[in-house]
1. Hey, can you tell me all the residues within segment 253-273 that are free of Cβ contacts under 8 Å to residues at least 60 places away in the same chain and touching a strand residue (DSSP E or B) at 6+ places or on another chain (Cβ under 9 Å)?
2. For segment 330-347, how many residues are within 17 Å of G277 (Cβ to Cβ) and either in a helix (DSSP H, G or I) or among the small types (G, A, S) (or both)?
3. Contact list please: Cβ distance under 7 Å, first residue in segment 122-143 and open to solvent by less than 80 Å² (accessible area, probe 1.4 Å), second residue part of a loop (DSSP other than H, G, I, E, B) and modelled with pLDDT of 95 or more, pairs at least six apart or on different chains.
4. Within segment 386-401, identify whether any single residue is assigned to a helix (DSSP H, G or I), more than 28 Å from the chain's Cα centre (by Cα), under 27 Å from G38 (Cα atoms) and not hydrophobic (A, V, I, L, M, F, W, C), and answer yes or no.
5. So which residues in segment 227-238 are surrounded by fewer than 21 Cβ atoms within 10 Å (Cβ to Cβ), out of contact with any Lys or Arg (no Cβ under 8 Å at 6 or more places or on another chain) and more than 17 Å from Q195 (Cα to Cα), if there are any at all?
6. Going by the structure shown, is K307 in contact (Cβ under 8 Å) with a residue 24 or more places away in the chain, closer than 26 Å to T388 by Cα, exposed (fewer than 14 other Cβ atoms within 10 Å of the Cβ) and over 24 Å from the mean Cα position of the chain (by Cα)?
7. Looking at E223, E264, which is the one that is surrounded by fewer than 23 Cβ atoms within 10 Å (Cβ to Cβ) and part of a helix (DSSP H, G or I)?
Amino acid sequence: MNHNQDHKERKSHSIQKEMNVHSVRPTDTQIYALGGLGEVGKNMYCFEHGNEIAIVDSGVLFPGDDLLGVDYVIPDYHHLIKNNRKKKILVITHGHEDHIGGIPFLIKQVGIDTIYAPRFAKALIEKKLQEHKDAPKVPIIEIDENSAVKTKYFTIGFFNTIHSIPDSLGVFITTPNGTAVHTGDFKFDLTPVGQNADYQKMAYIGALKPDLLMADSTNSGVEGFSISEKEVANEILRIMKSAKHRIIVATFASNVYRVAQIIEAAVKTGRQVAVFGRSMENIVEIGRKMGVIKIKNSQLLTPEELKHTPDEKVCILCTGSQGEPLAALSRIANGTHRFIHLKPSDTVVFSSNPIPGNDVSVNKVVDKLFRSGATVLNKSVLTNLHTTGHASKQEQKLMLQLIKPKYFMPIHGEHKMLMQHKKTAMETGMPEDNIFVCANGDILLMRDNQVLHSDWRYQGDDIYVDGNDISGLSTAVLKDRRILADNGLVAVVIAIDSKENKLLSRPILVTRGFVFIKDSQQLLKEAEFIVGNALAEKMKERTNFAEIKNCIRSSLEPFLYKKTNRNPIVIPVILNSRSTMEELARMRRQNQNKGRRNFSKDNKENKDTKDN
């Protein structure tokens, strides 16, 4: 009886879920993410109604070690390109790379009428676009918490939030079908450095009963409230005062308020500041122009002045807190930095936490710093050297209670984080059926102040960018790089006479990164024999170059896998000329002579070993 009842309930729930999937109507407002769901990075959220699309943020994701040769990962803009005839605006919440880094790639492919960005983000975007001379000129309009952006279908307002960078905004969007709130990246800090959160405006928005809240999920798994930036500032000042000699501080360049605090503490303790790392230099330059970072020219040290300044008067501010191999701190630890050489009296401070996945590289750098005799300080239960810029669980609850949405969509996080944020929302009383955990490309429909699942979705794939190539790298190219790294390459060189449809010589195999040639002569001879036989059969009938290449691959690849359990990339090279006979013969003689020389060398080494 209980089993049948449970079965009926599950069937009813399944039918209910199916009923919640709806077809798109022309009058619906579509809400979807092209990046930022199931990942921390490449944030891009779109609101589409009629012939207008309002885009919130356009970021990049920095690749892991498995993406060989890839510089950036950006969203797939296919849907936006397809709808280039529609009017599009881009609204930026703040100036971090995972929110603005994709702008150059976006505007080269998608027609954006206007970019709206807060002051600090606007300065960073303008600096970034200077490096992309081929990008079209798009007007960038500065916004703040009092701004309003109005289009035919959308009215967009803003409210101040607290984050690790100045001028961070949340977004309030009114559409023909209801209202949505996008928090951007946020935290709550009752003693913030810089601007405070606009609690009154958030509460007022909550009183208006918005339909949908889209909120930052990055720290959904972290209990309690985050540490205040003021506590971090006090800890850094204490360390600056107690350090008797030179101090080196590594942090995120993107954490502008932290950079400002470090510089302020150095100035207070009578130290001059030397800045290293391109991104750190850019942030300090822009921060000084914006008035966020306060330091005089006389309090800054050039690299050349560093060696002439007493250690107790020096603070070195640098990048590399995540163990990045080419960052300033890694080069200092390795002893390869042009201007800085570690001393046993140095104090090195990590004002950051390792990003998940970076622990090994950070620990390597820390170990090298300890080996040099330096004192190394990390965040611990004894030192408040870092705090996050993202809301912890209790702060997420506070946002939910202030906004009081009818529906909720967790954003900005890996799937686990989105699910944890869903659970947190349910703890505040949000019905589970009103919470939407989506993937990139999923579409929510806002219809008459209701939010519904669509039965359709857009492409939400990753596009891999090598350098500034906006076309991205195809999946096939990345796959080839992985195969080359793991299995190597085998080139099969053959000479044919296409007029007589005749193979002129036995194939020659050239390998790189597949097998050690000296130990694999027999394997390569067998492989040449198998390919040669397959080609001889193939060329008994009229054929073409494509069929010859397929014949080489289909005969060689199974043989190599059977013998070595490896799948190298097989590249056929077809020489269609009798004159190549001599060249092929020469190549074969060279390979044979190389094998004989190696064999003779091995015999001599074995004889010498026996004699000894």
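1. Within segment 253-273, the subset free of Cβ contacts under 8 Å to residues at least 60 places away in the same chain is 259, 263-273.
Hits for segment 253-273 are V259, I263, A265, A266, V267, T269, R271, Q272, V273.
2. 5
3. Sorted first by the residue in segment 122-143, then by its partner, the pairs are L124/G95; V138/I112.
4. Scanning segment 386-401, I find at least one residue that is assigned to a helix (DSSP H, G or I), more than 28 Å from the chain's Cα centre (by Cα), under 27 Å from G38 (Cα atoms) and not hydrophobic (A, V, I, L, M, F, W, C), so the answer is yes.
5. Residues satisfying the conditions are N234, R238.
6. Working: in contact (Cβ under 8 Å) with a residue 24 or more places away in the chain: yes; closer than 26 Å to T388 by Cα: no; exposed (fewer than 14 other Cβ atoms within 10 Å of the Cβ): yes; over 24 Å from the mean Cα position of the chain (by Cα): yes.
Taking the combined requirement at face value, the residue does not satisfy it.
7. Working: E223 fails: part of a helix (DSSP H, G or I).
Only one candidate qualifies: E264.
Per-residue answers, yes or no, for (1) in contact (Cβ under 8 Å) with a residue 24 or more places away in the chain; (2) surrounded by 16 or more Cβ atoms within 10 Å (Cβ to Cβ); (3) touching a helix residue (DSSP H, G or I) at 6+ places or on another chain (Cβ under 6 Å):
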| position | (1), (2), (3) |
| --- | --- |
| K518 | yes, no, yes |
| K525 | no, no, no |
| N533 | no, no, no |
| K538 | no, yes, yes |
| F545 | yes, no, no |
| K549 | yes, yes, no |
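The values are calculated or read from the model by the stated rules, or taken from the named source; none is laboratory data. Given the structure is predicted, the values throughout are model-derived calculations rather than measurements. Heads up, the Cβs are rebuilt from the backbone with ideal geometry, glycines too, and the neighbour counts pull from every protein chain shown. With ligands, DNA and RNA removed, areas are computed over all heavy atoms of the protein, side chains included. Shrake-Rupley method; radii C 1.70, N 1.55, O 1.52, S 1.80 Å.
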